[in-house]
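Only one structure is covered here, and it is reproduced in the block below.
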């Protein structure tokens with residue numbers, strides 16, 4: 001963290017003059033008042049390094065500091081009030097310092113993200129707390145797991161559940177999903193981005209397709225105790241929180257409810273919100289549930 005803070009301080013003090021810094025920080029965070037934060041009397045010129053350190057302390061988190069740096073990148077080559085044109089120095093050196101701390105700059109989205117090649121995180125490296133995102137959710141659960149527990153040795157149960165989570169996780173990560181919650185025999189999986197609905201459905205179809213292979217290779221239960229699953233996929237909005245357990249989202253609740261009440265064993269059910277966002281060729285593999293007016297559901301037709 002010291003290298004992080006020192007590297008950013010050095011970058012700002014060598015790239016900007018005092019007028020540029022106050023202009024850019026004022027645009028990024030109008031709440032920041034350099035005199036209040038530093039204790040200097042108004043009208044006195046605050047030394048640049050003092051102003052920089054005060055501003056970094058003013059920002060709430062590492063993420064917000066990086067959001068400011070990303071904002072500053074967009075100002076390069078543009079005027080900053082009386083300070084003149086912004087010319088950023090040693091930008092590559094700063095990016096290397098941040099990369100050592102597992103942060104990478106995404107030129108396309110113009111923000112910093114945690115390097116997902118090093119470690120997959122539940123925020124994909126860039127979701128911000130208290131921001132609302134459109135996402136796809138999948139709820140998966142082993143059918144009649146309590147009966148399987150009664151019929152099998154606890155060691156074999158634990159080993160099978162361990163392999164099952166690894167099996168699910170492998171398919172999820174292949175489609176850029178993240179397991180947000182897991183309770184032993186199933187859980188909640190989230191997908192984000194422009195292809196989140198397609199990714200969610202493809203992941204669940206893949207899990208169903210390879211489930212027989214799982215039962216042959218990784219199932220340690222008795223021969224007549226195949227693992228069967230129920231899966232539901234829904235689409236909606238989520239106000240994100242860093243602590244996943246604190247997320248309160250009605251669309252997540254709905255996903256679990258549908259999985260628990262409207263899905264047959266070894267089957268996938270999607271909602272109308274999902275179907276309207278899938279390509280027509282994919283919807284050919286689903287049949288609409290005719291007995292329900294609400295919710296509108298579609299069941300997957302396995303080959």
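One residue is enough: does segment 245-253 have a residue meeting the conditions assigned to a helix (DSSP H, G or I), under 17 Å from the mean Cα position of the chain (by Cα) and surrounded by fewer than 14 Cβ atoms within 10 Å (Cβ to Cβ)?
yes
Does segment 259-269 contain any residue that is in a helix (DSSP H, G or I), buried (at least 17 other Cβ atoms within 10 Å of the Cβ) and either touching a residue at least 40 places away in the same chain (Cβ under 8 Å) or on the phi > 0 side of the Ramachandran plot (or both)?
Yes, segment 259-269 contains a residue that is in a helix (DSSP H, G or I), buried (at least 17 other Cβ atoms within 10 Å of the Cβ) and either touching a residue at least 40 places away in the same chain (Cβ under 8 Å) or on the phi > 0 side of the Ramachandran plot (or both).
Working carefully through the options 226, 195, 185, find the one that is closer than 24 Å to residue 299 by Cα and in contact (Cβ under 8 Å) with a residue 24 or more places away in the chain.
185
Check 54, 70, 90 and return the single one that is without any contact (Cβ under 8 Å) to a residue 24 or more places away in the chain and under 18 Å from residue 11 (Cα atoms).
Result: 54 is the single residue among 54, 70, 90 that is without any contact (Cβ under 8 Å) to a residue 24 or more places away in the chain and under 18 Å from residue 11 (Cα atoms).
Would you mind stating whether residue 180 is surrounded by fewer than 20 Cβ atoms within 10 Å (Cβ to Cβ), in contact with a strand residue (DSSP E or B) (Cβ under 9 Å, 6 or more places away or on another chain) and at pLDDT 95 or above?
Answer is yes for this residue.
Please go through segment 73-87 and pick out each residue that is touching a residue at least 12 places away in the same chain (Cβ under 8 Å) and either not assigned by TED's automatic domain parsing to the domain that holds residue 15 or not in a loop (DSSP other than H, G, I, E, B) (or both). Talk me through it step by step, then tell me what you get.
Of all residues in segment 73-87, those touching a residue at least 12 places away in the same chain (Cβ under 8 Å) come to 73-76, 80-84, 86-87.
Those that are touching a residue at least 12 places away in the same chain (Cβ under 8 Å) and either not assigned by TED's automatic domain parsing to the domain that holds residue 15 or not in a loop (DSSP other than H, G, I, E, B) (or both): 73, 74, 75, 81, 82, 83.
Output yes when any residue across segment 102-113 is at positive phi, touching a residue at least 24 places away in the same chain (Cβ under 8 Å) and touching a helix residue (DSSP H, G or I) at 6+ places or on another chain (Cβ under 7 Å), and no when none is.
Looking for residues that are at positive phi, touching a residue at least 24 places away in the same chain (Cβ under 8 Å) and touching a helix residue (DSSP H, G or I) at 6+ places or on another chain (Cβ under 7 Å), one finds at least one in segment 102-113, hence yes.
Residue-wise test of (1) over 29 Å from the mean Cα position of the chain (by Cα); (2) under 30 Å from residue 107 (Cβ atoms); (3) part of a helix (DSSP H, G or I).
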position	(1), (2), (3)
31	no, yes, no
35	yes, no, yes
41	yes, no, no
45	yes, no, no
49	yes, yes, yes
53	yes, yes, yes
60	no, yes, no
63	no, yes, yes
71	no, yes, yes
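Residues are listed down the side, and each one gets a yes or a no for (1) closer than 30 Å to residue 130 by Cβ; (2) within 25 Å of the chain's Cα centre (by Cα):
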site: 243; (1), (2): yes, yes
site: 259; (1), (2): yes, yes
site: 262; (1), (2): no, no
site: 268; (1), (2): no, yes
site: 277; (1), (2): yes, yes
site: 286; (1), (2): no, no
site: 295; (1), (2): yes, no
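Among 187, 193, which is the only one that is within 24 Å of residue 241 (Cα to Cα) and in contact with a strand residue (DSSP E or B) (Cβ under 8 Å, 6 or more places away or on another chain)?
Answer to the selection: 187.
Anything in segment 211-244 that is surrounded by fewer than 15 Cβ atoms within 10 Å (Cβ to Cβ) and within 17 Å of residue 179 (Cβ to Cβ)? List them, or say none.
Listed by number, the list holds a single entry, 243.
Got at least one residue in segment 217-227 being at positive phi and out of contact with any strand residue (DSSP E or B) (no Cβ under 7 Å at 6 or more places or on another chain)? First the steps, then the outcome.
So in segment 217-227, the residues at positive phi come out as none.
Looking for residues that are at positive phi and out of contact with any strand residue (DSSP E or B) (no Cβ under 7 Å at 6 or more places or on another chain), one finds none in segment 217-227, hence no.
Only one residue in 109, 170, 122 is modelled with pLDDT of 90 or more, assigned to a loop (DSSP other than H, G, I, E, B) and under 19 Å from the mean Cα position of the chain (by Cα), so which one is that?
Among 109, 170, 122, only 122 is modelled with pLDDT of 90 or more, assigned to a loop (DSSP other than H, G, I, E, B) and under 19 Å from the mean Cα position of the chain (by Cα).
The values are calculated or read from the model by the stated rules, or taken from the named source; none is laboratory data. Values in this document were obtained by computation on a predicted structure and should not be read as measured data. In this analysis, Cβ positions are derived from the backbone assuming ideal geometry, glycine residues included, and neighbour counts consider all displayed protein chains.
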